Every structure is written in C-alpha cells, then in structure tokens.
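The values are calculated or read from the model by the stated rules, or taken from the named source; none is laboratory data. Here the structure is a predicted model, which means the values were calculated and not measured. Don't worry about glycine lacking a Cβ; one is built from the backbone with ideal geometry, like all the others, and counts go over all protein chains shown. The area values use the complete protein model at the heavy-atom level, side chains included, leaving out ligands, DNA and RNA. Shrake-Rupley method; radii C 1.70, N 1.55, O 1.52, S 1.80 Å.
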Amino acid sequence: MAVSHTLLPGFAAMLAAGLTSLPAAAEPDTGTPITSGSDYAPADFAQYNPQTALDMVNRIPGFSIQRDDDGSRGFGQATGNVLINGQRVSGKSNGAEAALGRISATKVVRIEVVDGTTLDIPGLSGQVVNVTTDGEGGVSGTWRWRSRIREGITPYFHEAVVTLSGGDESLSWSVEANSLPRRSAHAGWETITTPEGALLERRKEDLTNISDNVSVSGSLAWKPPSGVVANLNGRVGIYQFDRKETSKTFPVGEPEGRRLFLSGEDEWNAELGGDYEFGFGPGRLKIIGLARRENSPFNDTFRAGTIDGADFAETRFRQTIDEGEYIGRGEYAWNTGQGRDWQVSLENAFNFLDAETGSSIAMDGGPFEVISLPGANSRVEENRWEAAVTYGRPLSADLRLQVSLGAEYSELTQSGDNANAREFTRPKGFASLSWQADPKLKLTARIDREVGQLDFFDFISSVNLDADSGDSGNANIVPQQAWKWSLQAEKDFGDWGAATLNTYYSDIEDIVDRVPIGMGDGPGNLDTAREIGITLDSTLKLAKLGIPGGELTSYAEWFDSEVTDPLTGQTRPINDSPNYYLNIEFRQDVPGTDWAWGGFLERFERNHYYQLSERGVQISTPGYGSVFVEHKDILGLTGNFSIGNLLNQKDNFRREIYQGNRLGPITSIEDRTRRFGPVLLFELRGTF
C-alpha cells in the first residue's frame with residue numbers, strides 16, 4: 001500500500017496528498033492498531049481515518065486485493081479474493097475493487113477474513129475478504145481532490161472522485177464519477193555506439209505523456225425477504241492519451257538533426273454486468289451475464305531530418321481497434337450435509353477484436369505512399385464454452401478439500417488478413433487442500449491444470465515507429481497450458497502483525513513467447529517453459545518496538561523462468577518477464593493527535609525482451625522513494641502532502657541491434673538515461 005502525505009501545518013497541510021488514498025472518517029484518531037484476527041469491526045480501522053470500504057480492506061495485515069480484470073476472457077471460476085455481502089461482483093473493469101471504492105466506510109458493519117475453500121464459491125482458496133454492509137436507510141457520500149506537480153510538465157488540478165451510496169434493508173445502490181488524469185515527463189541523453197564503444201551518435205531527448213480518464217460507474221443490489229439475490233453494475237468511460245517525444249540528434253561527422261514522435265489514443269469503453277440468484281430444488285441457481293465494448297483509435301506520426309531540411313521523412317501509422325465481450329454463465333450449488341458442497345457450472349463467452357490499419361510514408365516533402373502491412377487488417381473471434389463440476393468437503397476439523405474437474409471448448413476464427421479457423425478442447429481443473437495447522441497458522445496447497453487465453457493482438461500485425469520495429473501477426477498461435485503447484489502460508493503474529501507467503505512452480509506447454517515469422521518475428525508458441533515465483537505480503541506492527549501507532553507494510557515478489565530461445569537455441573528467461581518487485585511503506589498515526597506521517601520505497605526489475613534482430617532491457621535505478629504527512633481534521637477534512645522521487649530515480653534503457661538477426665554480430669548499442677525530478681502531491685478528501 002503506497003502512501004505519501006505532509007509535514008506542513010496550515011494551508012499547505014490542507015492541500016496534502018498521498019500516493020495512495022487513505023481517506024477520512026469523522027471519528028478522532030484513537031491510535032488503536034488493527035489486530036491481526038480474522039474479524040474486523042470499523043473501530044479497528046479508526047486510526048487510519050478511512051473514507052471507503054476499500055481504504056479499510058487495504059489496511060488488513062498481510063492481505064492484498066487480487067484484481068478482477070486480469071485480461072482473461074469470460075468469468076470462469078472465481079479468481080478474485082473479495083466478496084461484498086457474501087457475493088462475488090459480476091464485473092471486470094467494474095469489479096470488486098471498484099465496488100469497494102463506492103461504499104462509504106460508515107456503511108461497513110464488519111470485515112471477515114476467511115478461508116476461501118470453506119465458501120460455496122468454487123475456485124476460491126487462501127485468504128478471502130468478505131465485507132458486510134449495514135443495509136440501513138440513508139444516503140452518504142465521499143469525495144477526493146488531488147493535484148500533482150512535477151518537473152517538465154504543466155501541473156493538473158482536475159483529479160477528483162465523488163461517490164454516493166444508499167439503500168434500505170432490501171435495496172442498496174452506489175454511484176461514482178471520477179476524473180483521473182496522469183501527467184509524466186522525463187528527459188536525458190541517449191548515446192549510440194559500436195560494440196567496441198566508439199561513438200556513432202548522441203541524442204538529447206524529451207518525453208511527455210498526458211492522459212485523461214473520465215468514467216461514471218454504479219451498482220444496484222436487491223435482496224428481498226424471499227431469498228432472491230440480484231445485482232446490476234455498469235460503467236462507461238472515455239480515455240485520451242497523447243505522447244510527444246522530441247530529439248536533437250548529433251551524429252558523428254554528419255549534420256545535426258531533429259526527430260519528433262507523436263502518439264495518441266482516443267478511446268471509449270462501456271461495461272454492463274449482473275447476476276440473479278434464487279432457490280431451486282435442493283440448492284441455489286445463479287445466472288450471470290456481462291457485456292463489454294471498447295473502441296480505440298490510435299494515431300502515430302514520426303518525423304526525422306537534418307536541421308537544414310534535408311533527408312526529411314514523415315511516417316504515419318493509423319489503427320482503429322474495436323473489442324467486445326459477451327458472457328453468459330450459470331452456476332447451480334447445493335449442500336449434501338456435513339459441509340459437503342457441490343456446484344456445476346456452464347459458461348459461454350464470445351469475444352472479438354476488429355482491427356483496421358493503415359501506414360504511409362512521405363520523403364522530402366513528396367506525396368504519401370502506402371506501406372503494405374500484411375496481417376494488420378483482420379477480425380478475430382472466439383466462441384468459448386466451459387463446463388465444470390466442483391466438490392468440497394472437510395476431511396477433519398482442521399483439514400478441507402476442494403476438487404474441480406472441467407473442460408474448455410473454443411472455436412477460434414480469423415477473417416480478413418491471415419484468415420483461419422480452428423477448434424480446441426482442453427481439460428482444466430484444480431485440487432486444493434487447506435489445513436488450519438494451529439489457530440495462528442493456515443497452510444493451503446493447490447494444484448491447477450490451467451488453460452491460457454490468447455491475446456487477440458498477437459494475431460494482428462503492428463509497427464512501432466519510434467523504435468523502428470514491429471510485430472508480425474500470427475494466425476497459428478495456440479493457447480498455452482500449464483500444471484501449476486502452489487503452497488500458501490498465512491501466519492497471524494498477534495500484536496506484531498501478519499504475513500502471507502505464497503510459492504508456486506509452473507510447468508508450461510506451448511508457452512507464448514517471441515518467434516521468427518517469415519522475414520520478421522512476433523508472438524508465437526514454444527514447446528515448454530518453467531517458472532517459479534515467491535510473493536510475500538506482510539505487516540509489522542511497531543508498538544512493541546516503541547513506535548505507538550506505527551507499522552511497516554511490504555509486498556515483495558520474485559520470479560525465475562526458463563525457456564529455450566527459438567533462434568539461438570540457448571536457455572533464457574521468458575521474454576520481457578518480471579524479475580522482482582518490492583515496495584515498503586512506513587506509517588505512523590501519532591496517538592492522541594490527528595497527525596500521521598511516513599514514507600514509501602519501491603523498486604522493480606524486468607528481464608530482457610528479445611526480438612529477431614535486437615534485445616533490450618529497461619531498468620529504473622535506484623528506485624522510487626517518497627515521504628508524506630497527513631492531518632485528519634482540517635475543518636473536518638483530511639489533507640495530505642507528499643514529496644516523491646527523493647532518490648532521484650533514473651529510467652535507463654539499453655538496446656543491442658544485430659546484423660540480420662541475433663545470430664549475427666552486434667552493429668550498434670543504444671544507451672539511454674532519463675530523469676524526471678521531484679514530484680509533489682496535494683490531496684483533500686472528505687465525506688458528506
């Protein structure tokens with residue numbers, strides 16, 4: 001949980017801001033820390049002055065929310081780890097995390113952390129949070145305003161979120177309107193050298209990114225006395241993005257030049273989902289539906305030439321992407337006594353991606369000429385069916401088993417360029433065993449047979465004008481499959497906090513990586529790969545170390561992978577895969593006062609990416625650090641101020657270009673270092 005805030009009283013403190021919002025409540029700070037039990041009341045979170053249910057859940061020791069929208073098509077079995085009033089949210093981009101952000105903290109009755117295998121929701125294992133709201137009448141709202149100031153770009157003052165929720169015993173509702181702009185800029189020098197280090201060219205570069213994301217979302221829940229449960233949720237949004245990169249080029253022995261790269265996207269998106277559950281025979285039947293659409297026009301332009309106007313060229317790339325997803329799912333669950341749960345499920349998902357693409361080039365002021373892009377104009381469709389049977393039962397008072405067997409059938413078609421049609425049938429399922437070793441330690445072992453889902457963009461050819469590279473679409477790519485073994489340990493350390501450790505090993509078949517395609521390369525399948533990973537989510541309470549109200553939260557993950565490169569035959573990590581990620585946050589809510597302060601540190605590293613004739617890597621060093629201060633009662637509001645990038649992080653990029661392909665000699669090496677200076681954040685938030 002990254003957080004950032006201020007040390008300044010008065011008006012500066014009123015404008016305080018944080019890297020993550022830890023919103024406001026009306027109660028004064030009690031300084032009482034959350035204990036690491038499995039059942040939390042609102043009072044347990046009072047020291048953080050939370051504004052929404054999301055702020056509360058983000059402060060549960062040793063717990064992190066899993067995103068609902070992980071890019072997978074369809075719903076499948078439950079993958080998230082948050083329930084609201086015992087129900088899974090039938091949304092993706094508008095899923096559980098978004099729903100929690102619309103629930104005022106004043107509506108929360110309790111938050112339970114339970115073992116997912118004990119619930120009648122197949123697919124859940126490990127820690128699952130269930131947020132229970134009061135269902136009482138009345139309307140409440142929350143709001144947040146934030147501004148960010150950073151070097152090299154105009155500050156913005158229009159980031160804001162407003163939520164409203166209400167209801168009665170049987171009907172509840174919530175709505176949210178938000179404006180979430182982002183601005184970034186960094187600048188520095190790039191050098192191009194020979195493999196021996198001889199200078200070929202220097203470039204002075206400036207990059208700015210400007211994005212605006214505006215959306216309206218809401219949900220409606222109906223739970224009448226009859227036992228019916230119905231939910232409806234929706235979201236509409238627009239997203240605009242503009243990138244500008246300028247370069248002054250100084251090639252050795254040649255005239256000075258200029259480069260300009262412009263990139264833009266103008267997207268609209270919408271999602272509507274819902275479910276209806278009722279008693280039927282000995283069990284309950286739940287019907288779930290979702291419809292999602294997205295339209296994204298992309299426009300890229302690249303211009304280059306010398307300052308005297310010679311050797312001028314302009315290249316354009318235009319692409320419009322239409323995406324859609326329609327899901328229907330049915331689940332029937334019943335209990336045969338003694339904790340033995342059954343569920344059968346059937347799901348159909350239809351997805352499509354339609355790409356219209358064009359590219360052209362003009363030389364020395366001449367007319368634009370069309371550039372042929374085979375595989376760039378195409379429509380990809382998938383009609384997928386999934387069926388599963390799941391059974392769960394206790395083996396003893398402390399041991400519980402859950403097993404699921406299923407299969408997936410997919411019809412995949414591509415029209416236009418690279419027309420093709422294929423069918424796939426894949427078995428899938430899992431088995432999990434949860435053991436409460438003692439009141440403070442829970443272990444969960446799980447084995448999964450996973451079927452990956454293809455990225456439809458892998459079927460479509462595209463180009464990167466800025467990097468002078470491209471991807472060849474692959475009409476013959478197949479879904480990867482894997483056996484995954486995992487072991488999770490959840491440890492409650494009482495007044496010291498809590499931690500969750502997860503380890504896994506994946507044996508992957510038909511891994512999607514980078515392969516040669518014709519005269520180029522793009523996404524494709526390799527025979528096998530392996531991957532191991534470790535994640536640790538921990539909270540250390542510091543009261544016993546003499547820091548009352550203080551805590552240290554951290555999240556760390558480390559990965560190692562291995563695949564055989566299809567070009568060189570050598571073993572290397574999976575293409576552009578993560579290596580490690582670490583964040584650490586210190587926060588102290590000073591007892592007896594309305595002040596909180598702390599700091600945040602983040603660092604990550606990725607492995608090299610590999611293409612036919614190049615390889616590269618991006619590394620940010622030494623990491624991102626910030627400090628904050630927060631005051632929880634500025635005329636009834638919470639204010640934050642933070643200063644970020646205290647370590648003066650550098651964004652480094654290195655690319656090696658080969659002659660012909662990576663079997664040949666290196667012809668040039670590009671090294672780039674860019675900096676972006678300090679970042680100031682101001683925030684006000686409150687309730688109404």
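Key figures for this structure:
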quantity: Given (1) out of contact with any Leu (no Cβ under 6 Å at 6 or more places or on another chain); (2) surrounded by 20 or more Cβ atoms within 10 Å (Cβ to Cβ), index of the condition residue 497 fails; calculated: (1)
quantity: Boolean, residue 437 is in a loop (DSSP other than H, G, I, E, B) and over 25 Å from the mean Cα position of the chain (by Cα); calculated: no
quantity: Check on residue 292, open to solvent by 60 Å² or more (accessible area, probe 1.4 Å), in a strand (DSSP E or B) and at pLDDT 95 or above; calculated: no
quantity: Selection status of residue 75, within 18 Å of the chain's Cα centre (by Cα) and modelled with pLDDT of 55 or more; calculated: yes
quantity: Filtered residue count, region 516-536, keeping only those that are closer than 18 Å to residue 473 by Cβ, modelled with pLDDT of 95 or more and hydrophobic (A, V, I, L, M, F, W, C); calculated: 1
quantity: Enumeration of residues in region 487-508 that are of a type outside the set (A, V, I, L, M, F, W, C) and either under 22 Å from residue 472 (Cα atoms) or touching a helix residue (DSSP H, G or I) at 6+ places or on another chain (Cβ under 9 Å) (or both); calculated: 495
quantity: Residue among 196, 254 that is open to solvent by 60 Å² or more (accessible area, probe 1.4 Å), out of contact with any Phe, Trp or Tyr (no Cβ under 8 Å at 6 or more places or on another chain), over 30 Å from residue 300 (Cα atoms) and part of a loop (DSSP other than H, G, I, E, B); calculated: 196
quantity: Qualifying residues in region 601-635 (those that are closer than 25 Å to residue 531 by Cα, touching a residue at least 60 places away in the same chain (Cβ under 8 Å) and of a type in the set (Ser, Thr, Tyr)) - the one most open to solvent (accessible area, probe 1.4 Å); calculated: 609
quantity: Qualifying residue in region 468-476 (condition: without any contact (Cβ under 8 Å) to a residue 40 or more places away in the chain, part of a loop (DSSP other than H, G, I, E, B) and out of contact with any Cys (no Cβ under 7 Å at 6 or more places or on another chain)); calculated: yes
quantity: Any chance residue 511 is more than 20 Å from residue 400 (Cα to Cα), modelled with pLDDT of 95 or more and touching a strand residue (DSSP E or B) at 6+ places or on another chain (Cβ under 8 Å); calculated: yes
quantity: Selection status of residue 41, small (Gly, Ala, Ser), open to solvent by 10 Å² or more (accessible area, probe 1.4 Å) and at pLDDT 85 or above; calculated: yes
quantity: Residue in region 510-540 that is most open to solvent (accessible area, probe 1.4 Å), counting only those that are among the charged types (D, E, K, R) and within 23 Å of residue 485 (Cβ to Cβ); calculated: 527
quantity: Residue 443 being outside any strand (DSSP E or B) and either open to solvent by less than 40 Å² (accessible area, probe 1.4 Å) or closer than 17 Å to residue 400 by Cβ (or both); calculated: no
quantity: Region 104-130 residues that are closer than 15 Å to residue 442 by Cα and assigned to a strand (DSSP E or B), paired with ones that are among the hydrophobic types (A, V, I, L, M, F, W, C) and at pLDDT below 80 (beta carbon under 8 Å, 6 or more apart); calculated: 128/119
quantity: Filter result (more than 15 Å from residue 530 (Cβ to Cβ) and open to solvent by less than 40 Å² (accessible area, probe 1.4 Å)) within region 568-595; calculated: 579, 583, 585, 587, 588, 589
quantity: Scope region 151-186; condition over 19 Å from residue 98 (Cβ atoms) and in contact with a Leu (Cβ under 7 Å, 6 or more places away or on another chain); matching residues; calculated: 185, 186
quantity: Any hit, region 157-179, residues being outside any strand (DSSP E or B) and within 26 Å of the chain's Cα centre (by Cα); calculated: no
quantity: Region 482-494, residues that are within 22 Å of residue 549 (Cα to Cα) and open to solvent by 70 Å² or more (accessible area, probe 1.4 Å); calculated: 493
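Residue-by-condition table, conditions (1) charged (D, E, K, R); (2) at pLDDT 95 or above:
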{"residue": "362", "(1), (2)": "no, yes"}
{"residue": "372", "(1), (2)": "no, no"}
{"residue": "382", "(1), (2)": "yes, yes"}
{"residue": "389", "(1), (2)": "no, yes"}
{"residue": "416", "(1), (2)": "no, no"}
{"residue": "438", "(1), (2)": "yes, no"}
